[in-house]
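Read-outs: derived from the displayed coordinates by stated rules, not from any lab. Please read all numbers here as calculations on a predicted model, not as lab measurements. When we count neighbours, we look across all protein chains shown, and the Cβ atoms used for this are built from the backbone with ideal geometry, even at glycine.
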Amino acid sequence: MNQIQAPQTIFQVNDTYRWLREPLLMRLPDGSLFCEIFTGDPQGDGGKDNIIAAIHSHDDGQTWSELELIKRSDEYGCWASSVHATDDAGYIFWWTLERDRSEATNHLLCVSADGKTWTDRLIMQNWNGKNAMDIRRGVQLRDGRTLLPVAWHEPINKHIADDEIALSPEKAMRLANLGGARIVNKIAYCGVLEPNEDFTEFKRHGRICRLTPDSIIPCTPFFENQIAELSDGSLAMLIRGDLTNRLWRSDSSDGGYTWSEPVITEIKNPGSKALVINLPDGRIVLVHNPSEKDYTDSTSHHHRYRTPLELWVSDDDMKTWSVKMTLGAAPDVAQYPDGFYDPTTGMIYLVWEDDYRVFFQRLELASVI
């Protein structure tokens, strides 16, 4: 195995941008690397002053620009959930949302060919009422189709407002990272979106959920799902399922139109986002936090269990993992990995964060496998 370059810090919080979350990475049509950063409000997710910003690299990640504002709203907070790139286009899926997350609206930002001008449009306005569709990093299948993993909530009882649901202080603390009282009246679903060629229309496939009638909440909170294409052309979806200490899985044998009942896997997960990268030769890369979370801890919604960060590689459709490589060592927090494989360079490009800094690492595939 060749020597692997250490991660590099490419952004950190400062007096102007005092908080950050979930960096997203893609290569724009002009060849530059683009790292979107959700930042601005130290109160956290959904804050009114949150913005969508980005840094750029025009030398394949050796140096990075200062932070540039991409989108802000005078009325709502901004939250970006994923990016997607094609040979001639770049996209940012994002929401505007109120601080209490009671109303959210899906948007799509599209970049010009020179990578400098972003055009914003509303999408999927009639699909889910006031609840946003949580769109995650997509995959281009070998047949040329693009599928985007998506998660959303639907109310159990539309006649009960979320703010009418009362929780004990202990239960409220335990469910804080899942949306608090609102999750008690919601069913969490996963599926996929299939966009048309110019990303102006979307078809939704699948309604994956797991009801939990004897639990403190009515379902396993599925979200931040990812898609792996297997050697026979079938698909496997890995799903974050908080309160279960594991990733979940659902499979599709018809190109993503229908999905199996979800099953719990043996892959440990502390309630954190995982990243799947499909390699052209059929191998599958998983970047994640393979650890358990102590759900008896009343502060369990904090991020301290999101460690270590590891890169795993499977050459047998995720039956086993032939490579397990540490990117961020315990006990340091290393969360929200994002990135892609570039066949023109033979490199895997990754970003992640630790609440305060964004890290970038470029890995030559031959050094990993």
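The spacing between segment 305-349 and segment 22-37, judged by their C-alpha centroids, is 19 Å. Look at the alpha carbon pairs under 8 Å that are at least 6 residues apart: their mean separation over the length of the chain gives a relative contact order of 14 percent.
Assuming 0.36 nm per residue, please report the length gained on full extension of the stretch ILE4 to MET325 beyond their Cα-Cα distance.
Numbers: separation 321, 0.36 × 321 = 115.56 nm, distance 1.08 nm.
Extra length from ILE4 to MET325 when fully extended: 114.5 nm.
Counting alpha carbon pairs within less than 8 Å and at least 6 residues apart, what relative contact order, in whole percent, applies to segment 280-363?
23
Rounded to the nearest 20 debye, the dipole magnitude of the chain is 760 debye, with +1 charges on Lys and Arg beta carbons, -1 on Asp and Glu beta carbons, and the Cα centre as origin. Dipole orientation for segment 8-368: of the candidates ILE267, LEU235, THR345, ILE267 has the Cα lying most toward the positive pole (charges on Cβ; Lys, Arg +1; Asp, Glu -1).
Over 29 Å between Cα atoms, which of LYS71/LYS273; LYS186/LYS324; LYS203/LYS324; LYS71/LYS268; LYS116/LYS186 qualify? Please list the in-between numbers first.
Values: LYS71/LYS273 24 Å; LYS186/LYS324 36 Å; LYS203/LYS324 36 Å; LYS71/LYS268 36 Å; LYS116/LYS186 39 Å.
Exceeds cut-off: LYS186/LYS324; LYS203/LYS324; LYS71/LYS268; LYS116/LYS186.
Spin-label model, ASP87 to GLU364: label points 7 Å out along the Cα-to-beta-carbon direction sit 2.7 nm apart. Spin-label pair ASP120-ASP232: with each label point 7 Å from Cα along the Cα-Cβ axis, the two points sit 4.6 nm from one another.
Where only DSSP H runs of four or more residues are counted, the chain gives -500 deg cm²/dmol as its mean residue ellipticity at 222 nm, each run worth -39500 (n - 2.57).
Assuming R0 = 41 Å, what is the FRET efficiency of HIS58 and ASP198, from their Cβ-Cβ distance, to the nearest 0.05? Don't jump to the answer; show the numbers that get you there.
On the way: r = 26 Å, r/R0 = 0.65.
About 0.95, to the nearest 0.05.
Residues of segment 321-341 falling in the label zone of ASP294, defined by backbone nitrogen less than 19 Å from a point 7 Å along Cα to beta-carbon, are 330-334.
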